Amino acid sequence: MNRLNDILIDVEEAGYRNNIVFKDLHLIIPGYKITVILGPNGSGKTTLLRMLFKRVKYRGTIVVDFKELARIRGSSIARLLAYMGDISLPEMMGLKVFEALLISRSGLYTGLIEKDEDIREAEAVMAETGIKHLADRRLSELSSGELRKVVLAMALVKRPKYLLLDEPDSHLDILSRIEISRLIKRCRKNTTIIIATHDPIFAVNTADYFILLRDGKIIDKGAIEEVIERKSIEKVFGAKLKYVYDKGKLIGIIPVYG
Amino acid sequence: MSVYRLYRRKIIVFTTITAVLSLLLLVLSYLFLHMGYGSSKIIYQYRLNRIMAAILVGLILGLTGALLQSSLRNPLVDHYILGIGSGGVFAVMLFYLFSSNAYFLAVLTIIAAVGGLAALTITIMVAESVGGGDIAYVLAGIGVNSMFSGASLLLTYVAASKNPYVAYALTGSFIAIDPGWIPLLVVLSALSFVLYIFSSKPLNTLLMGDEYAAQQGYNPRITRLLIVLFSGIIGASVVACCGLIGFIGLVSPHIARLMLGTSDNRLVPVIAGLTGAILLLLSDNFSRLVLAGPFLVSVGEVPAGAIVSLFGAPFFISIMIRRLRGHGA
């Protein structure tokens, strides 16, 4: 098994100026797999992702790509990983989809003007994600589903070693969720993917490895079967859950109301 | 659309080279005429300086306006709205108050820059303390702007006893252009070009939000602070020369974006600079003609700052309606 791209987090304290989010966080995120960070709102999912590109102050060690994170320069971070959360442009300052993809490549070339390779990559990624027809549309004109795909393409166009996705499934209808999940799974071969989400159904159908987070503490981690056996998903969300199996394969998780 | 994609890079190269070349041409022809080749005295001693100043100031205001808008992610700001300009005017007035008549233009420029910097600091501090949103910046800026404008207006009466043209500083005019300003303005516009070259790539990433810029390897806070600071300083320095000219810095970037059909910061600041130059030159020409010309009895001239909107606003509105109808921003 190829474990070269593992991320190692060994942190005593991490957080913002007057708000410590994590205490004694020890974690290995496996390389070339899809890891989901699952937890309720405010559990520290986004902070955990932001920590991986030096947006959160920490005391301890974080090893990304065999190097201590603090020693990796900004320009190398741009080549190494892609983080995508919500993208919204200011009013009156719109961009077209193709331009947004080229701007995402801007960390990879020196000088002001993109190379032929960058244009080729952008076109290839558009074909991969099925957004070729949107190339000349403005970001502000897109539907939520289209925008999510474009945002994913903006991450993929960097061809990152690590792909950090913050709620790639938010505000999406069922079909769009399935499509996004499919696109993410297709990238697993040469990318380490970490997704933050609070939707267990999306998580179960997308990920290989689970990290369950609540109030900055890791409740459980492991493969889906282990996590379910230990009743950890219930613990994380504090709700009763029913699991739906189809031919022995877990396909859904339903919260029990009342 | 494929044509656009193919030629996009060439467009960037072409625009930048055109802008730089036209600037060079401008400076060269200025020097040529200044040496008195084949022109009457009134042209090269008076009109020429004025035209040069209007072009260069328009260029600087348009360019720094575009940088300010992109770095603050706010389509409503320029050096006037943020209070930078009136801070500069206030500092210059103060200087007139406490100094004798003898002064260097470079000193005046630095004083305006310091005043602008002080106003900018207040605006940023106030805006950030209430959340730092679009509206916060505009409101804080308007507050700081009126504070310094009011104070300058008071000082005008005293300062005017030392330099009668100082009264024009609040509306912006090229009536009292000293030939000594031209080299200073050339330096300032060169500086703003340098700033544009270094900031266009980070600005493109900042456009899509702080987290996006961070994962592209730029520290969003530091990047934004540096760009706002430098473009603020350059925008304020100009005030020492021609006074407070609003609207150009606000509207030129929008005209540029609408004409280009993109907000790519590798293109917008250059085109905004050229737009600003054309608008301000037109305004200044018109300001000389409107009251002194054939329409009315000669009563002097209207400050260019008051005329700018006359040209800019209809152009802006028409281009906005044409582009945005059915398109969205």
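Worth pointing out:
- Evaluation of A:Glu99 against (1) within 14 Å of chain B (Cβ to nearest Cβ); (2) touching a helix residue (DSSP H, G or I) at 6+ places or on another chain (Cβ under 7 Å) (one fails), failing number: (2)
- Qualifying residue in segment B:141-161 (condition: part of a loop (DSSP other than H, G, I, E, B) and either more than 16 Å from the chain's Cα centre (by Cα) or of a type in the set (Phe, Trp, Tyr) (or both)): yes
- For B:Ala19: the one exception among (1) modelled with pLDDT of 85 or more; (2) open to solvent by less than 20 Å² (accessible area, probe 1.4 Å): (1)
- Residue in segment A:26-42 that is under 17 Å from the mean Cα position of the chain (by Cα), at pLDDT 95 or above and of a type in the set (Ser, Thr, Tyr) present: yes
- Residue in segment B:63-79 that is surrounded by 24 or more Cβ atoms within 10 Å (Cβ to Cβ), away from every other protein chain (no Cβ under 14 Å) and of a type in the set (A, V, I, L, M) present: yes
- Tally of residues being surrounded by fewer than 17 Cβ atoms within 10 Å (Cβ to Cβ) and either of a type outside the set (A, V, I, L, M) or touching a residue at least 40 places away in the same chain (Cβ under 8 Å) (or both) across segment B:136-155: 6
- Residues of segment A:105-144 that turn out to be open to solvent by less than 40 Å² (accessible area, probe 1.4 Å) and within 26 Å of B:Ile17 (Cβ to Cβ), as a count: 8
- Verdict on B:Gly131 being buried (at least 23 other Cβ atoms within 10 Å of the Cβ) and modelled with pLDDT under 90: no
- Lone unmet requirement of (1) open to solvent by 50 Å² or more (accessible area, probe 1.4 Å); (2) free of Cβ contacts under 8 Å to residues at least 40 places away in the same chain; (3) at the interface with another protein chain (Cβ under 9 Å from one of its Cβ atoms); (4) in contact with a helix residue (DSSP H, G or I) (Cβ under 9 Å, 6 or more places away or on another chain) for A:Arg79: (2)
- Some residue of segment A:25-44 being within 13 Å of chain B (Cβ to nearest Cβ) and among the polar types (S, T, N, Q): no
- Count of segment B:199-222 residues which are within 7 Å of chain A (Cβ to nearest Cβ) and assigned to a helix (DSSP H, G or I): 8
- Flag for B:Val89 being closer than 16 Å to B:Tyr168 by Cα and touching a helix residue (DSSP H, G or I) at 6+ places or on another chain (Cβ under 6 Å): yes
- Flag for B:Gly249 being modelled with pLDDT under 90 and open to solvent by less than 10 Å² (accessible area, probe 1.4 Å): no
- For segment A:119-145, the set of residues classified as in a helix (DSSP H, G or I) and at the interface with chain B (Cβ under 10 Å from one of its Cβ atoms) consists of A:Ile119, A:Ala122, A:Glu123, A:Leu139, A:Ser140, A:Glu141, listed by residue number.
- Yes/no for A:Met154 being within 11 Å of chain B (Cβ to nearest Cβ), open to solvent by less than 40 Å² (accessible area, probe 1.4 Å) and not basic (Lys, Arg): yes
- Where a residue in segment B:209-226 is under 22 Å from B:Thr121 (Cα atoms) and its partner, wherever it lies, is in a helix (DSSP H, G or I) and at pLDDT below 90, with Cβ under 8 Å and at least six apart: B:Asp210/B:Arg221; B:Asn219/A:Gly74
- Test result for B:Thr275, within 19 Å of B:Ser318 (Cα to Cα), open to solvent by less than 20 Å² (accessible area, probe 1.4 Å) and part of a loop (DSSP other than H, G, I, E, B): no
- Considering each residue of segment A:91-104 in turn, none proves to be under 21 Å from the mean Cα position of the chain (by Cα) and either open to solvent by 10 Å² or more (accessible area, probe 1.4 Å) or more than 19 Å from B:Asp264 (Cα to Cα) (or both).
- Scan of segment A:139-174 for residues that are touching a residue at least 24 places away in the same chain (Cβ under 8 Å) and more than 24 Å from A:Leu95 (Cα to Cα), ordered by number: A:Lys161, A:Tyr162, A:Asp173
- Matching residues in segment B:229-246 - criterion: being assigned to a helix (DSSP H, G or I) and surrounded by 22 or more Cβ atoms within 10 Å (Cβ to Cβ): B:Ser231, B:Gly232, B:Ile233, B:Ile234, B:Gly235, B:Ala236, B:Ser237, B:Val238, B:Val239, B:Ala240, B:Cys241, B:Cys242
- In segment B:279-310, residue modelled with the highest pLDDT [restricted to those that are among the polar types (S, T, N, Q) and crowded, with 23+ Cβ neighbours inside 10 Å]: B:Ser283
The values are calculated or read from the model by the stated rules, or taken from the named source; none is laboratory data. The structure displayed is predicted, hence computed values, not measured ones. Don't worry about glycine lacking a Cβ; one is built from the backbone with ideal geometry, like all the others, and counts go over all protein chains shown. Just so you know, the surface numbers come from the protein's heavy atoms only, side chains and all, with ligands and any DNA or RNA stripped out. Shrake-Rupley method; radii C 1.70, N 1.55, O 1.52, S 1.80 Å.
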